[in-house]
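Shown next, in structure tokens, is the structure this report addresses.
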Amino acid sequence: LDARVVLHNPDIPDDQLPRLAIRPYPVKYIQPSVMKSGEPVTIRPIRPEDEPLLIRLHQALSERTVYLRYFQPLKLSQRTAHERLTRISFIDYDREMVLVVEHKNAEGLPEIIAIGRLSKLRGAGNEAELAVLVDDRFQFQGLGTELYRRLIAVARDEKLKRVVCTILSENREMRAICLKLGFHLESDLEDGTLKAELEV
């Protein structure tokens, strides 16, 4: 085993330091929040050990919520396959950011009740795609809007120029969030979706 340590002058700005091969866990995105109900939650980047909590999140989703998020019905076994959840929970923070909303249940145990993903699009310049999923029990509590806001802030930190998302035209909730946050919406008549774009 060979290792070396390189010390840099403490006055060097962060953006001038050499980039690490693997970006460490981004603790700066761990922040408290409060739902409309007044209940406290923590919004934080996902961790590899969150896989069991993601399974429980998917177990709580209605067919409608699944359809609005994935544009098709997906079986629970498909959504909770280990290979799929590993790709979501064990990520390269340079390429994407996944934020989860952690809530304490009645027994005081943590549960993930919402998840938002910002994925840089390959070959699209400084552009990334947004997607959000909220547990049915906690919808209309402002979590989708808050995840979008925080992921847009991440996009700005990453010096991205634009964020985009695709939503079904019948998804009134997400359409309202996008309009509230200043997205430009354009209808795709061929597939019944709305393309939302925001310059950041």
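The values are calculated or read from the model by the stated rules, or taken from the named source; none is laboratory data. Being a predicted model, the structure only gives us computed values, none of them experimental. As a convention, Cβ positions derive from the backbone with ideal geometry for all residues, glycine included, and neighbour counts pool all protein chains shown.
The residue of the range 174-194 that is nearest to the chain's Cα centre (by Cα), among those that are buried (at least 16 other Cβ atoms within 10 Å of the Cβ) and not aliphatic (A, V, I, L, M), is 178.
The set of residues from the range 165-194 being over 23 Å from residue 139 (Cβ atoms) and in contact with a strand residue (DSSP E or B) (Cβ under 8 Å, 6 or more places away or on another chain) comprises 184, 186, 187, 188. One residue stands out in the range 114-124 among those that are touching a strand residue (DSSP E or B) at 6+ places or on another chain (Cβ under 6 Å) and of a type in the set (D, E, K, R): the one that is surrounded by the fewest Cβ atoms within 10 Å (Cβ to Cβ), namely 120. Every test in (1) modelled with pLDDT of 95 or more; (2) part of a loop (DSSP other than H, G, I, E, B) is passed by residue 55 save one, and that test is (2). Any residue at all in the range 59-79 that's within 21 Å of residue 119 (Cα to Cα), in contact with a strand residue (DSSP E or B) (Cβ under 6 Å, 6 or more places away or on another chain) and surrounded by fewer than 14 Cβ atoms within 10 Å (Cβ to Cβ)? There is no residue in the range 59-79 that is within 21 Å of residue 119 (Cα to Cα), in contact with a strand residue (DSSP E or B) (Cβ under 6 Å, 6 or more places away or on another chain) and surrounded by fewer than 14 Cβ atoms within 10 Å (Cβ to Cβ). Looking across the range 143-173 at every residue that is free of Cβ contacts under 8 Å to residues at least 12 places away in the same chain and within 20 Å of residue 26 (Cβ to Cβ), the one that is farthest from the chain's Cα centre (by Cα) is identified as 157.
One residue alone among 111, 39 is surrounded by 12 or more Cβ atoms within 10 Å (Cβ to Cβ), more than 18 Å from the chain's Cα centre (by Cα) and in contact (Cβ under 8 Å) with a residue 40 or more places away in the chain, and that residue is 39. Looking across the range 83-106 at every residue that is in a loop (DSSP other than H, G, I, E, B) and over 23 Å from residue 28 (Cβ atoms), the one that is farthest from the chain's Cα centre (by Cα) is identified as 106. Residue count for the range 174-200, restricted to those that are of a type outside the set (A, V, I, L, M), without any contact (Cβ under 8 Å) to a residue 40 or more places away in the chain and in a strand (DSSP E or B): 7. Looking across the range 58-82, the residues that are among the hydrophobic types (A, V, I, L, M, F, W, C), without any contact (Cβ under 8 Å) to a residue 40 or more places away in the chain and part of a loop (DSSP other than H, G, I, E, B) come down to 74, 81.
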